Amino acid sequence: MLERLVARAGDPSRVEDWRTEAFRIVAPGVERRPSVAAMTVQELVSGTDPAAWACVATPVHLRAGMHSVTMAADGIVKLAPGEAAALSADFNRVFRGAGVRLLVGRGAVLSCLFDERIEAATHDPEEVAGNDVFGFQPAGPGGARLRRLMSEMEMWLFDHPVNLARVARERPPVTGLWLWGGGPADEAPPSLQGWCAGQDPFFSAFGSESEYPRAAASGVVVCEDRPGSHEWLEVERRWLIPAVAALRSGRLERIDLSAAHRRFSVPKGLHLRFWRRPRPWWESYGVE
């Protein structure tokens, strides 16, 4: 179905920041998108336990070569809640007094909370996957502190009990925590005019629908599952099929389909461009 929809779409648009573009769909009146980390730590920060700055700490598997360090294409590691809790507890023991702590949020997402505000430009680990990490390191006035902390965490994670257990189960160890998506920890969440669903740490902070809603409103669905996988069948059933029905009935004006840095928009009149033959989705999105 994804390939058929893309075949009916117009030429793709380049997307530099898909979260910002998707956020405009559900919050059209909000001028600036809040940081990913600020939304992730909403439930973790309180008046009795404040923090000045926060960033997401995504578990990753890095590979060191002779002249470079790379993150594998599948190098983003998903932890079980127990594993995330164990890393959080041990980090806060080892790094006590360093002005930073590691907390576990919704969906076993790890976040670093800092006592001082940090100004740094970071990269989503999805951008880094499959590349040499050198060009994606934190930059800006606070970049050096984040880079130093990331290096210290790599040494801390070496032979960590959580990793030993993962290796015993033939799962990739966590060799680092990738810091990204930072912002003031006390940033207030904006009001949305739409709905959200899926596994993204940012959009899940605004609630997560389990099925396509009947109410006529714009929405964002974030899918981690790879098209064509067994799990993708459920994505089509829960989201794509109802969305196409809403498009045909006139309840939706368009469906935007984003992956990598490309977005295809399918407008009303789905029967148009019927002569276009579908091609493999990865070719349309330029994904190897």
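The values are calculated or read from the model by the stated rules, or taken from the named source; none is laboratory data. Treat the numbers as computed from the prediction; the structure is a model and nothing was measured. Here the Cβ positions follow ideal geometry from the backbone for every residue, glycine too, while neighbour counts run over all protein chains shown.
Annotations for the structure displayed:
- Scope segment 164-198; condition surrounded by 21 or more Cβ atoms within 10 Å (Cβ to Cβ) and either among the charged types (D, E, K, R) or within 22 Å of V69 (Cβ to Cβ) (or both); matching residues: V174, T175, G176, L177, W178, L179, W180, G181, G182
- Looking at L240, L233, L247, L257, just one residue is farther than 29 Å from D124 by Cα and of a type outside the set (V, I, T), and that residue is L247.
- Yes/no for H160 being closer than 17 Å to L102 by Cα and surrounded by 15 or more Cβ atoms within 10 Å (Cβ to Cβ): yes
Residue-wise test of (1) of a type in the set (V, I, T); (2) under 24 Å from the mean Cα position of the chain (by Cα); (3) assigned to a strand (DSSP E or B).
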| site | (1), (2), (3) |
| --- | --- |
| M66 | no, no, no |
| M71 | no, yes, yes |
| G82 | no, yes, no |
| S88 | no, yes, no |
| F91 | no, yes, no |
| A98 | no, no, no |
| R101 | no, yes, yes |
| L113 | no, yes, yes |
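Residues checked against (1) out of contact with any Ser or Thr (no Cβ under 7 Å at 6 or more places or on another chain); (2) of a type in the set (S, T, N, Q):
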residue: L157; (1), (2): no, no
residue: R169; (1), (2): yes, no
residue: T175; (1), (2): yes, yes
residue: P190; (1), (2): yes, no
residue: A197; (1), (2): no, no
residue: G207; (1), (2): yes, no
residue: V221; (1), (2): yes, no
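- Being surrounded by 15 or more Cβ atoms within 10 Å (Cβ to Cβ), over 30 Å from A129 (Cα atoms), not assigned by TED's automatic domain parsing to the domain that holds W180 and not β-branched (V, I, T) holds for only one residue in P242, P227, P213, P201, and it is P242.
- Any hit, segment 20-32, residues being in contact (Cβ under 8 Å) with a residue 12 or more places away in the chain, buried (at least 18 other Cβ atoms within 10 Å of the Cβ), of a type outside the set (G, A, S) and in a strand (DSSP E or B): no
- Identity of the residue in segment 4-31, among the charged types (D, E, K, R) and under 18 Å from the mean Cα position of the chain (by Cα), that ends up farthest from A216 (Cα to Cα): E16
- Some residue of segment 153-160 being in contact with a helix residue (DSSP H, G or I) (Cβ under 7 Å, 6 or more places away or on another chain), under 30 Å from R262 (Cβ atoms) and either among the acidic types (D, E) or touching a residue at least 12 places away in the same chain (Cβ under 8 Å) (or both): no
- Counted residues, segment 130-157 - those being in contact with a strand residue (DSSP E or B) (Cβ under 8 Å, 6 or more places away or on another chain), surrounded by fewer than 18 Cβ atoms within 10 Å (Cβ to Cβ) and assigned to a loop (DSSP other than H, G, I, E, B): 3
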